[in-house]
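Read the figures in this text as sums done on the coordinates, not as results from a lab. Since we're looking at a predicted model, the values are computed, not measured. Here Cβ is always computed from backbone atoms with ideal geometry, including for glycine, and neighbour counts include all displayed protein chains.
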Amino acid sequence: MKKQLVLKVISGQQLPKPKDSMMGDRGEIIDPFVEVEIIGVPVDCCKEQTRVVDDNGFNPMWEETLVFVVHVPELALVRFLVWDHDPIGQDFIGQRTIAFNSMLPGNHGN
């Protein structure tokens, strides 16, 4: 049975600078964004992303809602990736992958 996943990406806290930044170590402040990807059967595979928060790796605020329809939830994974947007590309900051059926409704800060 298909299910709808409604995610609110609220904020981040004290995000690290990427280790191998495309811009080098120039002391720049990161410009983070969050990408959420559904991994599963082909009909479920998709991704959405938040807007870029300029110059704020300390406490970026997104307050954005992303909506996904998942047709086979028992085979779906939800992957959260955080990236630093640079003029010449993007640098990986971190990720977390969770089984769709392991996610609980409500507000969770960890």
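Tabulated data
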read-out	value
Nearest-20 debye value, segment 32-110 charge dipole, Cβ charges on Lys, Arg, Asp, Glu	300
Per-residue Cβ neighbour rank within 10 angstrom, fewest leading, 80, 92	92, 80
For segment 86-103, 3J(HN,Hα) per residue [Karplus equation, 6.51 cos²θ - 1.76 cosθ + 1.60, θ = phi - 60°, Hz, x = Gly/Pro]	10, x, 10, x, 9, 10, 6, 10, x, 8, 8, 10, 10, 5, 3, 6, 8, 6
For residue 50, net neighbour charge (Lys/Arg +1, Asp/Glu -1) across residues whose Cβ lies under 11 Å away	-2
Cα coordinate range in the chain, projected on the principal axes (Å, largest first)	50, 27, 19
In segment 1-91, lysine pairs closer than 25 Å at Cα, eight or more apart or cross-chain	6
Inter-label distance for residue 13 and residue 77, nm, one decimal - labels placed 7 Å from Cα along Cα-to-Cβ	2.7
